[in-house]
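Every number in this text was worked out from the coordinates using simple rules, so none of it is lab data. All figures in this text were calculated on a predicted structure; none of them were measured in a lab.
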Amino acid sequence: MPDEQVEELKFPIDFDACPKCGSKRKVAQELIEQEKKKGKAGEDMRGAVIVQRTLIADGRRTLLSALMLTAMIEICYDCGTLYCVHAETAITQIQTGAPMPKGGPTQFKFLPGSPGHN
C-alpha cells in the first residue's frame, strides 16, 4: 500500500539496560573492559555476544544495493537474558558477477558514508 503514511524508524537504536532485571552489565562488554585494562584491547573496541546482519531486500528483484540491518545481541551479566543492545542500518552494495544462491546474496560491502563502513 504505497499511499499509506508509514512512520519511519529512527536508527541507530540503543538499549542500555536488560529488559528483564534492569542491569546495565553485559557479558561481552565486561570481557572487553577486562581486556582493555590489561592493554589487550583498544579503547574504542566494542562488541557483543552475537552480531547478526540481515539483508532487507525483495528477492524477486535484481538489486545492486540494499538495506542492511545489523543487530548486536548481548547476554545480561546478572540474569542471563539475551537481548538486543544496538541496531543500525546501512546501504550495502551487492556483489555482482556470481550467480545468486537460493537463499539470496551472501556477500556484501558497505558503501562509503554508511554507519557500517570502516
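Derived scalar couplings between HN and Hα for segment 4-14 equal 6, 7, 10, 6, 6, 6, 10, 10, x, 10, 10 Hz in order, rounded to whole Hz, by the Karplus curve 6.51 cos²θ - 1.76 cosθ + 1.60 (θ = phi - 60°), x for Gly and Pro. Dividing the radius of gyration of the alpha carbons in segment 6-45 by their Kirkwood radius gives 1.17 for Rg/Rh. Rg and Dmax of segment 3-102, based on Cα coordinates, read 17.7, 56 Å.
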